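Right, one structure below, let's go through it.
Each value in this text was obtained by applying a stated rule to the coordinates, not by laboratory testing. Please read these numbers as outputs of a predicted model, since none were measured by experiment. Don't worry about glycine lacking a Cβ; one is built from the backbone with ideal geometry, like all the others, and counts go over all protein chains shown.
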Amino acid sequence: MSAYKPLGSRIVTPPFIALGVIAAIGFFFLAMRFIYGMGSVTNLNGAHAWGIWVVYDVVVGTAFACGGYALAITVYVLNKGKYHPLIRPALLASLLGYALGGLGAFFDMGRWWQFYNILLPWNWNFNSVMLEVGLCVLTYILVLVIEFSPAVLEHFGAKKLLAVLNKMLFFFIAIGVLLPTMHQSSLGSLLIAMGYKVNPLWQTWQLQPLLALLTALCMGFSIVVFEGSFATAGLRRPSETPLLKGLGMAIVGLLGAFLAVRFITLLVQGKLGLLFAFDFASFMFLVETVLFVVPLVILLSPKRRENGGQLLIAAVSMLLGGALYRFDAFLITFAPGVGYSYFPSVPEIMVTVGLIAFEIMAYLVLVKLFPVMHDAGHEA
Amino acid sequence: MNEHDIERLERRLGMSRRDFMKFFAGLAATMGLSSFAAEAMAEAVAVQRKRPVVIWLHGQECTGPSETLLRAEHPTLERLLLDMISLDYHQTLDTGAGHQVEAAKEASMAANKGQYLLVVEGSIPTKDGGIYCKIANKTMLEHTKEAAENAAAIIAFGSCASWGGVQSSGPNPTEAKGVHEILPGKTVVNLPGCPPNPYNFLATVMHFLTFGKLPALDAQGRPLFAYGRLIHENCYRRPHFDAGRFAEEFGDEGHKQGYCLYKLGCKGPETYANCSVIEFNDISGGTWPIGVGHPCFGCAEKGVGFTKPLFSLADVKTHTPPAMFPEISQRQGSSGVGTGAALLTGAVVGAVVGATAMAAKKLNSTGDSDKQG
């Protein structure tokens, strides 16, 4: 029937228990947040309304979760069927990543009990970027559930339902390509809305959506490489390097475009001089650029591309660069007003780390129970 | 508009072209229309060869709506009524009296059949055939029906004419009603308020003169440009409401600080009007009830003004305030990076880099042999 098989190995392993401990600490602080309020757990203040819960869980986390999006474009839009074996794990990671993003937005909300209002059309403000992001992410989580559901249905042997779903799946796949294009670019638009609070090196105005979309795609492909590599190294799966190196080429193109747009924009907007101010912002920009250049250098060489280890380093560097790009713009160099500063508190970080740990645990359980991973061999 | 028109206009209105255009730009802005609309309205007044006829009736009321027009500064009442429109009948402003003025009204209505604008202020008593309000030996009920018959448009100005106002609350001994209630099937523009805002009236009239039709109305016949939103929605004290800062009693600390008046019985959350946006009397600076520290009493809203107790809590149409608000303390100059947090961040980044290095090493050692999997 399907070439996907559950791994079937033991679920409770020492790393799994370690992750469980971290997740438990995270959930403890999350409970504190709901009992005693945001102030007791976070370092947020009147000017920094968005801390790591939004910037990591939503802004960066959803970009990490773009693997499903990037692969859906590759497989279904560009019709490169050979990458199909990678799609289910990627969709699963996307689903978990986006669910974390949605959850993050929820518990970061000061008055979370008003959350339901986003579903009431008469409350919508069509000029709001946040509305677009919120609704789009919410819808996309549902679409991801549907896109991933064949794996669950196969497991339970619901053949009839599966047949019906397979007939309609193309529709959801199409939406699954459209929605991330919308909200990932809107994450850039959020920066436009923040105006001059965003450091000039990151404030590219009209090009924000394009840059956000390019980094999201780069990070999407990188996360597939990352997951594939770790599945090989950690879960003793066969190497997927032959497939992954093709994705490396996609990263090269997109990353090249990103860097070109970015530097040309700086040139046109007359901001290149800021790079040589040698202040904190220019230093962060430099770190980012190095992280972006490393994958470019590695992936441009066919020989290095063949090497699984090098490929992973390139992907991780890309992921860190993309994450730092968003962290810098939204948080690190963000200047909401004189006298304000923000650095996440330990409980705040632990909530995020705990949720990531939980996400990995969920991923491990699901790939072991459900047919997610492709059966050995990529000849198909 | 040509040179001649402008010259004539300046002479007629005694105002410069610039003032004239400024006035219409302001009116257009009140309605949320563009500057093109302002120009069109200016042209409608400037080029109009015959001024539009207005018949103005008074029922049971305090002449508040006419009074409110006295407070309009651009244009002033006399300029509007004597120069821009032809006010053929208005009981409190007419020079003539008795049979003479009634005859003039009849004549004007006959001559301008189907073209005059009917404005009604005051409610209309309906009990016992409407005998509780008579003008020239005819009931207000008859006057209104008669004048409405051939009117091009009907405007009910003020809460009394719109829905009965103060006379319709309580025992309502005269069975006072609003204009639209006694004219079923006719479109009546309601401009409630006690007093109503003169600029909503001027804007509605100018819209009618310019475009030949009435502005968009809501289900209760109120123009959406003025009554489309709750006072609450555009209230300058709204942020206090959202943050849970309320004046608890008159003169307390919150009241002095200008906090939200909801708990003092402000009816802004259930009253549709634009008071919070355009205020009153053209002097700005918060010249309207909430602006001077008194809760809105909902004068424009049927079932609220003159009906609900003055200081009872409003029935909030949008979101009711939660019982508990999160503390929002301003941590200006907050401590910055904590040692533990910095260590933890370092550990997380380190773990990612370390795990990557390990995995990369493992992949390098096994990569080639596994290629065919």
(request) For region B:89-235, state the semi-axes of the equivalent ellipsoid (square roots of 5 times the eigenvalues of the alpha-carbon gyration tensor), sorted largest first and rounded to whole angstrom. (result) 25, 21, 13
(request) Run the quick spin-label model on B:N2 and B:A104: label points 7 Å from Cα toward the beta carbon, then report their separation in nm to one decimal. (result) 3.4 nm
(message) What do you get for the angle between helix B:98-111 and the principal long axis of chain B? Use alpha-carbon atoms, 0 to 90 degrees, nearest ten.
(response) 70 degrees
(message) As an exercise, use a Förster radius of 22 Å and the Cβ-Cβ distance of A:K80 and A:R236 to find the FRET efficiency, rounded to the nearest 0.05.
(response) 0.20
(request) Determine, from the Cβ-Cβ distance of B:T92 and A:Q269 and an R0 of 60 Å, the FRET efficiency 1/(1 + (r/R0)^6), rounded to the nearest 0.05. (result) 0.40
(message) Given R₀ = 45 Å, what would the calculated FRET efficiency be for B:H255 paired with B:S169, taking r from the Cβ atoms and rounding to 0.05?
(response) 0.95
(request) Return the calculated 222 nm mean residue ellipticity for the protein assembly as shown, to the nearest 500 deg cm²/dmol, obtained by summing -39500 (n - 2.57) across DSSP H runs with n ≥ 4 and dividing by the residue count. (result) -16500 deg cm²/dmol
(request) Can you tell me the equivalent ellipsoid semi-axes for the protein assembly as shown? Use √(5λ) from the Cα gyration tensor, largest first, whole Å. (result) 68, 27, 26
(request) Please compute P(r) over all alpha-carbon pairs of chain B, binned at 20 Å starting from zero, and give each bin as a whole-number percent. (result) 24, 43, 17, 9, 6, 1
(request) With a cut-off of 15 Å, note down the residues of region A:348-365 whose backbone N falls inside the zone around a label point 7 Å from the Cα of A:S9 toward its beta carbon. (result) A:361, A:363-365
(request) Would you mind estimating how fast chain A diffuses translationally, via Stokes-Einstein at 37 °C and 0.692 mPa s with the Kirkwood radius over Cα pairs, in µm²/s? (result) 152 µm²/s
(request) Evaluate peptide A:338-349: per residue, the Cβ atoms of other protein chains within 10 Å of its Cβ; return the mean as an integer. (result) 5
(request) Find the percent of Cα-Cα distances in region B:98-173 that exceed 17 Å, and round it to a whole number. (result) 50 percent
(request) Compute the long axis of helix B:17-30 from its Cα atoms, compare it with the longest principal axis of the Cα atoms of chain B, and write down the angle in degrees, 0 to 90, nearest 10. (result) 60 degrees
(request) Would you kindly enumerate the cysteines in the protein assembly as shown that have no other Cys beta-carbon under 4.7 Å from their beta-carbon? (result) A:C66, A:C136, A:C218, B:C62, B:C133, B:C160, B:C235, B:C260, B:C266, B:C275, B:C296
(request) May I ask for log10 I(q)/I(0) of region B:1-49 at q = 0.13, 0.18, 0.31 Å⁻¹, from a Debye sum over the Cα atoms as equal point scatterers with solvent left out? (result) -0.27, -0.50, -1.16
(message) If you take every DSSP beta bridge fully contained in the protein assembly as shown, what fraction is antiparallel? Give it as a percent rounded to 5.
(response) 30 percent
(request) Starting from the Cα of A:K167, draw a straight line to each of the lysines and keep only those under 17 Å, dropping any in the same chain fewer than 8 residues away. (result) A:K159
(request) Report the convex hull volume per residue for region B:229-323, counting only C-alpha atoms, in Å³. (result) 92 Å³
(message) I want the local charge near A:K368. Using Cβ-Cβ distances under 11 Å, sum +1 for each Lys or Arg and -1 for each Asp or Glu among the other residues.
(response) +2
(request) List the pair-distance distribution P(r) of region A:33-129, using every Cα-Cα distance, as the percent of pairs falling in each 10 Å bin from 0 up to the bin containing the longest distance, rounded to whole percents. (result) 15, 31, 30, 18, 6, 0
(message) Antiparallel versus total DSSP beta bridges in region B:51-227: what percent is that, nearest 5?
(response) 25 percent
